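Heads up: the structure comes next, in C-alpha cells.
The values are calculated or read from the model by the stated rules, or taken from the named source; none is laboratory data. Keep in mind the model is a prediction, meaning the values are calculated, not measured. Quick reminder, even Gly has a Cβ in these numbers, built from the backbone with ideal geometry, and neighbours come from all protein chains shown.
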There are 2 protein chains.
Amino acid sequence: MIEQAANLDAADPLAKWRGEFLLDDAIAYLDGNSLGALPKATPDRIAEVVRREWGEDLISSWNTAGWINLPQRLGAKIAPLVGAKSDEVIAADSVSVNLFKLISAALKLQSQNGQRRKVVLSEPGNFPTDLYMIEGLESQGLAEQRLADRGDIESALGDDVALLMLTHVHYKSGEMFDMARLTKAAHDAGALVLWDLSHSAGAVPVDLNGAGADFAVGCGYKYLNGGPGAPAFAYVAQRHQSGIEQPLSGWMGHAKPFDFTDEYAPAPGVDRLLCGTPPILSMSAMEVGVDLMASIGIAPLVEKSSGLSEFTRAAMAEHIPELECISPADPAVRGSQLSFRHENAYELCQALIARKVIGDFRAPDVLRVGFAPAYVRYADCARLVSELRDMLDSGEWRKAEYAERGAVT
Amino acid sequence: MIEQAANLDAADPLAKWRGEFLLDDAIAYLDGNSLGALPKATPDRIAEVVRREWGEDLISSWNTAGWINLPQRLGAKIAPLVGAKSDEVIAADSVSVNLFKLISAALKLQSQNGQRRKVVLSEPGNFPTDLYMIEGLESQGLAEQRLADRGDIESALGDDVALLMLTHVHYKSGEMFDMARLTKAAHDAGALVLWDLSHSAGAVPVDLNGAGADFAVGCGYKYLNGGPGAPAFAYVAQRHQSGIEQPLSGWMGHAKPFDFTDEYAPAPGVDRLLCGTPPILSMSAMEVGVDLMASIGIAPLVEKSSGLSEFTRAAMAEHIPELECISPADPAVRGSQLSFRHENAYELCQALIARKVIGDFRAPDVLRVGFAPAYVRYADCARLVSELRDMLDSGEWRKAEYAERGAVT
C-alpha cells in the first residue's frame with residue numbers, strides 16, 4: 001500500500017501544487033473539506049490589502065483597489081468551477097444567509113407565478129444550517145418544511161412543493177445526489193431547485209447550467225481554500241435574475257447604493273443578492289484560494305479527488321475491515337470524502353491528530369476524512385490507514401487524553 | 001487658527017495615540033467615520049492569524065485560538081463602549097443583516113405579547129440600508145414601514161407601532177437623537193426601540209442600559225477601526241434575551257451546533273443572533289481595533305471628539321462662511337462629524353483629497369468630515385479650513401479632473 005501510494009504520487013500531475021500551500025510536510029491533512037489549507041500566496045496578498053489598500057490608500061480603495069466589485073469579480077472566478085456563467089455567481093455573506101435569501105426568492109417566485117406552494121422539501125440529516133434556514137422561514141409563516149429520505153424524494157415532490165433544497169454532497173456520508181436527475185424531477189413537479197454545493201465546489205463535477213439548476217449556494221473555506229469563515233457564494237440562473245426578490249435587501253444590493261435614496265430598487269442580476277458591506281479582508285483571502293483552484297483547473301482536481309478517495313476506500317477495506325465505511329462504494333455517487341463508523345470515532349480521531357493525521361469527527365460516531373485534491377498526497381492516505389491499523393492494534397487511542405472534548409468536536 | 005490648533009494638539013492627552021495607527025503624517029484623515037484608519041498592531045496580528053492559526057494549526061484553531069468564541073469575546077469588549085453589559089453584545093454579520101434579525105425579533109416579541117402592532121417607525125433620510133431592511137420585512141408581509149420627520153416622531157408613536165428604529169447619529173447631518181428621551185417615549189407608547197449606532201460607537205456617549213434601550217446594532221469599520229467591511233455588532237438587553245426569536249436561525253446560533261441535530265434550538269442569550277460561520281480574518285482585525293479603543297477609554301475619546309468638531313465648526317464659520325453647515329451647532333446634539341452643503345461639494349471633496357485632506361461626499365451636495373478622536377489632530381482640522389479657503393479663492397476645485405466620478409462617490 002505504501003509503495004503503491006508512492007507510485008501514484010510520483011505519477012500525479014497535480015503533485016507540484018502542494019508546494020503552493022503552506023502545509024507542513026509532516027502533516028497528512030485530510031480535513032480540507034472542513035477548512036482548506038493556506039495558499040502560499042495568501043499571507044503576502046493579505047498583508048498588501050491590509051497595509052497598502054487599507055492603511056495607505058484608505059477609503060479610496062473602494063474604487064482604486066476594486067473592493068466595490070470584489071463580490072462580482074470573485075463570483076465570476078468561481079462560476080467555471082460549478083458550471084455557471086460568470087454573471088450567475090456572486091460572493092456574499094455566509095452559506096446560511098445566502099440560503100435564507102434564495103429560499104425566500106424561490107417562494108416569492110412561486111407566489112408571483114400564482115402558485116400557492118409553500119413547502120420546501122429537503123432530507124432529514126441534511127447539514128443542520130440548511131434545515132434551520134427553512135425553519136427560520138417557517139417561523140415567519142412563509143414556508144413549510146418537509147423532509148423525505150433520499151430514496152423517497154422524487155415521490156415526495158407533490159403539487160404543494162415550492163422548492164427542492166438539497167446538499168449535493170452530504171457532509172457526513174459523502175453521498176452525492178444526481179443533480180441533473182433530481183433537478184428535472186423537481187421541475188417536472190413544478191418545483192424550483194436550490195443546491196448547496198458546500199462539499200462539492202472545487203472537488204467534484206458540478207454542472208449547474210447543464211443540470212438546469214435554479215439556485216445554488218456554496219462555501220468559500222473548504223475546497224476553495226478561502227480561509228476560516230470565508231464568505232460564501234450564491235448562484236442564480238440567468239433566467240431568474242430579473243425576477244427574483246429577496247428580503248435581505250441591503251444597500252449593497254441596491255441599483256444605485258450611493259444615491260442614498262429612501263426606496264429600495266434592486267440592482268440588476270445577481271448583484272441584488274448583496275446585502276451589507278462585504279468583509280474585504282476575508283473576501284480578499286478567498287480570492288487567492290479561488291485563483292489557485294482556477295489555475296489548476298477543475299477537471300484535473302475532480303480526477304485526482306476521485307483517485308484519492310478510491311485509493312483510500314480500497315486500502316481501508318483491506319486493512320481496517322472493522323471500521324464500517326458509510327460512504328458509497330461507487331465513486332460516481334460519492335463526494336471527495338469518506339466516512340467511517342466506530343463507536344470510539346472521537347478518540348480515534350484525536351489520536352490520529354496527535355500523529356499529525358488530521359481528519360475530523362462528526363457526532364455521534366463518525367470519523368470523516370476529506371481529500372482536497374490540490375494538496376493531499378496518496379502517501380497521506382496510506383498513512384491514515386497504517387496509523388489507524390497501528391493504533392487499533394496497540395490500543396493507543398484508549399488514552400484518557402484523547403477523550404477530552406473541546407468546544408468544537 | 002493654525003496656532004490655536006498647535007496649542008490644542010500640544011495639550012491633547014490623546015495625542016500619543018496617533019502613533020498607534022499606520023497613518024502618514026502628511027494625511028489629514030477626516031473620513032474615519034466611513035473607514036477607520038489601520039492600527040499599527042493589525043498587520044502583525046493578521047499575519048499571525050493567517051500563518052500560525054490558519055496555516056499551521058489549521059482546524060484546531062477553532063478551539064485553541066478561540067475562533068469559536070470570537071463573536072462573544074469581541075462583543076464583550078465592545079459592550080463598555082456603548083453602555084452595555086458584556087453578555088449583551090455580539091459581533092456578527094453586517095449591520096444590514098443584524099437589523100433584519102432584530103427588527104424581526106422585535107415584531108415577534110410584540111406578537112407574542114398579543115400585540116397586533118406591525119409598524120416599524122423610522123425617519124425619511126435615515127441611512128438607506130436601515131429603511132431597506134424594513135422594506136425587506138414589508139415585502140414578506142411582516143412589517144409596515146412608517147416614516148416621520150424627526151420632529152414628529154413622538155407624535156407618530158401610535159398604538160400600531162411595534163418598533164421605533166432610528167440611527168442615533170445621522171450619517172449625513174451628524175444630528176444626534178436623545179436616546180433616553182426617545183426610548184422612553186417609545187416605551188410609553190408600547191413600542192420597542194432599536195438604535196443603529198453605526199456613527200456613534202467609539203466616538204460619542206452611548207448608554208444603552210441607561211436609556212433602557214431594547215436593541216441596537218453598530219458598525220465595526222468606522223470608529224472601531226476594524227478594517228474594510230469589518231463585521232458588525234448587535235445588542236439585546238438582558239431582559240429580552242431569553243425571549244427573542246429571529247429567522248436567520250443558522251447553526252452558529254444553535255444551542256449545540258456540533259450535535260448536528262435536525263431541529264433548531266436557540267443558544268442562550270445573545271448567542272442566538274449568530275447565523276453562519278463568522279469571517280475569522282475580518283473579525284480578528286476588528287478585535288485589534290476594538291482593543292485599541294478600549295485601551296484609550298471611551299470617556300477621553302468622547303471628550304476629544306467633541307473638542308475637534310467644535311474647533312472645526314467655529315473655524316469653518318469664521319473662515320468659510322459660504323459653506324452652509326447642516327450639522328447642529330450645539331455639540332450636545334451632534335455626532336463626531338460635520339457636514340457642509342455646497343453645490344460643488346463633490347469637486348471640493350476631490351480637490352481636498354488631492355491635497356491629502358480626506359473627507360467624503362454624500363449625494364447630492366454634502367461635504368462630510370468626521371473626527372475619529374483616536375488619531376485626528378487639531379492641525380488636521382485647521383488644514384481642512386485653510387486648504388478649503390485657499391481652494392475656493394483660487395478656484396482650483398474647478399479643474400475637470402475633480403469632476404470625474406468613481407464607482408463609489
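What the table shows:
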quantity	calculated
Test: residue in segment B:7-15 that is of a type in the set (S, T, N, Q) and within 19 Å of the chain's Cα centre (by Cα)	no
Enumeration of residues in segment B:136-163 that are of a type in the set (D, E, K, R) and part of a helix (DSSP H, G or I)	B:E138, B:R150, B:D152, B:E154
Options B:G202, B:G227, B:G174: the member that is surrounded by 24 or more Cβ atoms within 10 Å (Cβ to Cβ) and within 14 Å of chain A (Cβ to nearest Cβ)	B:G227
Hits in segment A:112-160 (condition: touching a residue at least 24 places away in the same chain (Cβ under 8 Å) and among the hydroxyl-bearing types (S, T, Y))	A:S122, A:T129, A:Y132
Which numbered condition B:D259 fails, given (1) of a type outside the set (F, W, Y); (2) touching a Pro at 6+ places or on another chain (Cβ under 9 Å); (3) in contact (Cβ under 8 Å) with a residue 24 or more places away in the chain	(3)
Residue count, segment A:131-153 (criterion: facing another protein chain (nearest Cβ under 10 Å) and of a type in the set (D, E))	2
Tally of residues being part of a helix (DSSP H, G or I) and crowded, with 19+ Cβ neighbours inside 10 Å across segment B:241-280	9
Residue that is nearest to A:A315 (Cα to Cα) [pool: residues in segment A:326-337 that are without any contact (Cβ under 8 Å) to a residue 40 or more places away in the chain and in a loop (DSSP other than H, G, I, E, B)]	A:A329
Complete set of residues in segment A:11-33 that are in a helix (DSSP H, G or I) and either farther than 10 Å from A:R377 by Cα or not small (G, A, S) (or both)	A:A11, A:K16, A:W17, A:R18, A:G19, A:E20
Residues of segment A:106-130 that turn out to be surrounded by 24 or more Cβ atoms within 10 Å (Cβ to Cβ), in contact with a Phe, Trp or Tyr (Cβ under 7 Å, 6 or more places away or on another chain) and more than 7 Å from chain B (Cβ to nearest Cβ), as a count	1
Count of segment B:174-195 residues which are within 21 Å of the chain's Cα centre (by Cα) and either of a type in the set (A, V, I, L, M, F, W, C) or modelled with pLDDT under 95 (or both)	9
Condition broken by B:P247, with the remaining ones in (1) in contact with a Lys or Arg (Cβ under 9 Å, 6 or more places away or on another chain); (2) more than 28 Å from A:E123 (Cα to Cα) satisfied	(2)
Options A:V89, A:V97, A:V82: the member that is at the interface with chain B (Cβ under 8 Å from one of its Cβ atoms) and buried (at least 24 other Cβ atoms within 10 Å of the Cβ)	A:V97
Selected residue [of a type in the set (S, T, N, Q) and within 20 Å of A:L142 (Cβ to Cβ)] from B:S139, B:S86, B:S94, B:S155	B:S139
Residue in segment B:364-373 that is surrounded by the most Cβ atoms within 10 Å (Cβ to Cβ), counting only those that are in a loop (DSSP other than H, G, I, E, B) and in contact (Cβ under 8 Å) with a residue 40 or more places away in the chain	B:A372
Residue pairs meeting the criteria (Cβ under 9 Å; at least 6 apart or on separate chains; first without any contact (Cβ under 8 Å) to a residue 24 or more places away in the chain, in segment B:304-325; second among the charged types (D, E, K, R))	B:E310/B:R334; B:E324/B:R341; B:C325/B:R313; B:C325/B:R341
Hits in segment B:338-363 - residues which are within 14 Å of chain A (Cβ to nearest Cβ) and part of a strand (DSSP E or B)	B:S339, B:V357, B:I358, B:D360, B:F361, B:R362
Complete set of residues in segment B:268-301 that are within 27 Å of B:R239 (Cβ to Cβ), hydrophobic (A, V, I, L, M, F, W, C), within 14 Å of chain A (Cβ to nearest Cβ) and in contact with a strand residue (DSSP E or B) (Cβ under 6 Å, 6 or more places away or on another chain)	B:L273, B:L274
Residue in segment A:323-337 that is under 22 Å from A:D393 (Cα atoms), charged (D, E, K, R) and in contact with a helix residue (DSSP H, G or I) (Cβ under 7 Å, 6 or more places away or on another chain) present	no
Verdict on B:A237 being out of contact with any strand residue (DSSP E or B) (no Cβ under 6 Å at 6 or more places or on another chain) and buried (at least 24 other Cβ atoms within 10 Å of the Cβ)	no
Residue within segment B:302-313 that is over 24 Å from the mean Cα position of the chain (by Cα), part of a helix (DSSP H, G or I) and farther than 16 Å from B:N33 by Cα present	no
Test result for B:G250, without any contact (Cβ under 8 Å) to a residue 40 or more places away in the chain and within 14 Å of chain A (Cβ to nearest Cβ)	yes
Options B:A332, B:A265, B:A314: the member that is of a type outside the set (D, E) and within 14 Å of chain A (Cβ to nearest Cβ)	B:A265
Counted residues, segment A:34-60 - those being more than 7 Å from every other protein chain (Cβ to nearest Cβ), of a type in the set (G, A, S) and assigned to a helix (DSSP H, G or I)	1
Count of residues meeting criterion [touching a Lys or Arg at 6+ places or on another chain (Cβ under 9 Å) and surrounded by 23 or more Cβ atoms within 10 Å (Cβ to Cβ)] in segment B:289-304	2
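Matching residues to (1) facing chain A (nearest Cβ under 9 Å); (2) small (G, A, S); (3) over 24 Å from B:I353 (Cα atoms):
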| position | (1), (2), (3) |
| --- | --- |
| B:D12 | no, no, yes |
| B:K16 | no, no, yes |
| B:F21 | yes, no, no |
| B:A28 | no, yes, no |
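To keep it simple, each residue is scored yes or no on (1) under 19 Å from A:S327 (Cα atoms); (2) assigned by TED's automatic domain parsing to the domain that holds A:D93; (3) not in a loop (DSSP other than H, G, I, E, B).
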position: A:M165; (1), (2), (3): no, yes, yes
position: A:K172; (1), (2), (3): yes, yes, no
position: A:A185; (1), (2), (3): no, yes, yes
position: A:G190; (1), (2), (3): no, yes, no
position: A:L194; (1), (2), (3): no, yes, yes
position: A:A201; (1), (2), (3): yes, yes, no
position: A:V217; (1), (2), (3): no, yes, yes
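Yes/no matrix, rows are residues, columns are (1) among the basic types (K, R); (2) within 23 Å of A:A191 (Cβ to Cβ); (3) in contact (Cβ under 8 Å) with a residue 12 or more places away in the chain:
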{"residue": "A:N69", "(1), (2), (3)": "no, no, no"}
{"residue": "A:Q72", "(1), (2), (3)": "no, no, yes"}
{"residue": "A:A76", "(1), (2), (3)": "no, no, yes"}
{"residue": "A:A84", "(1), (2), (3)": "no, yes, yes"}
{"residue": "A:D87", "(1), (2), (3)": "no, no, yes"}
{"residue": "A:V97", "(1), (2), (3)": "no, yes, yes"}
{"residue": "A:I103", "(1), (2), (3)": "no, yes, yes"}
{"residue": "A:A106", "(1), (2), (3)": "no, yes, yes"}
{"residue": "A:Q110", "(1), (2), (3)": "no, yes, yes"}
